[in-house]
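The values are calculated or read from the model by the stated rules, or taken from the named source; none is laboratory data. Just so it is clear, the model here is predicted, and its values are computed rather than measured. Note: ideal-geometry Cβ built from the backbone for every residue, glycine included; neighbour counts use all protein chains shown.
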Amino acid sequence: MAAPPTTVNEDFIRGLWKENPVFVQLLGLCPALAVTNSAINAVAMSAATAFVLCGSSVLVSSMRSIIPKQVRITTFIIVIATFVTVADFTLMALLPDVHKELGAFIALIVANCLILGRQEAFASRNTVGRALADAAGMSTGFGIALLMLGGIREILGSGSLFGVSLFGDSFEPWIIMILPPGGFLTIGLLLVVFARMERRKGGAS
C-alpha cells in the first residue's frame with residue numbers, strides 16, 4: 001500500500017526533527033564536526049549550505065523533465081558546484097575572516113551527501129514548491145544541529161557565545177571542546193540525548 005502524499009508543510013517540518021540531517025540521518029558530519037568550534041562558524045556554514053541546497057533544489061526541480069536520466073547525477077553535481085562557487089565567492093568578499101576559518105569546507109559542500117541526496121531523492125521527483133519546502137526544512141534542521149554543536153563547544157571551550165564573553169576572566173575554558181575531540185564528544189552526547197527522547201516518545205505512544 002502506497003504511503004499517502006505529504007503536504008508542503010510536512011515536507012518542511014520533516015527536516016527539522018523526524019529526518020534531521022545530522023541527528024537522525026547522520027549526513028554532513030564532516031562540516032558538522034570540523035567547523036563548529038564556534039557559533040559564528042556554524043551559522044556561516046549553515047547559511048552557505050542552505051543557499052546551495054535551496055538554490056540547487058529549485059533549479060533541479062524546474063529542470064527535472066528535461067534532464068536525461070543517464071546524466072542526472074552529473075547534472076546535479078554541476079548545478080550544486082555552481083551554487084557552491086557563488087557562496088564561496090560571496091563569503092570571501094563579505095566575510096573574509098569567516099571564509100578563512102571555514103577554509104576548504106566551503107568548497108567541500110559539493111561533496112555533502114545531504115545536498116546530492118535531496119536532489120536525487122526529492123527535488124528531481126517533485127514540484128518546485130515542494131522541493132523548496134523540503135530544502136528549506138532540511139537546511140534549517142542542519143543549521144539547528146550546527147548551531148547547537150557550535151554553541152556548546154564555544155561556551156565550554158572559550159567561555160563565550162558569538163564572541164561575547166559569558167563568564168569573565170575567572171572561567172577556565174575546556175580547551176578540548178574547540179579541538180577535534182570536542183566535536184566528536186559533543187555530537188556523541190547530543191545523539192544520546194536525541195535517542196533517549198525518541199525512545200521515550202515511542203514508549204509514551
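Taken over the range 32-58, residues that are under 9 Å from the mean Cα position of the chain (by Cα) and closer than 15 Å to residue 188 by Cα amount to 1.
Within the range 64-85, if we keep just the residues that are surrounded by 14 or more Cβ atoms within 10 Å (Cβ to Cβ) and without any contact (Cβ under 8 Å) to a residue 40 or more places away in the chain, the residue that is farthest from residue 36 (Cα to Cα) turns out to be 75.
For the range 130-172, name all the residues that are surrounded by 19 or more Cβ atoms within 10 Å (Cβ to Cβ) and either on the phi > 0 side of the Ramachandran plot or among the charged types (D, E, K, R) (or both). Answer for the range 130-172, where residues must be surrounded by 19 or more Cβ atoms within 10 Å (Cβ to Cβ) and either on the phi > 0 side of the Ramachandran plot or among the charged types (D, E, K, R) (or both): 130, 134, 153, 154. Summed over the range 12-67, the residues that are within 28 Å of residue 96 (Cα to Cα), in a helix (DSSP H, G or I), modelled with pLDDT of 90 or more and not hydrophobic (A, V, I, L, M, F, W, C) give a count of 6.
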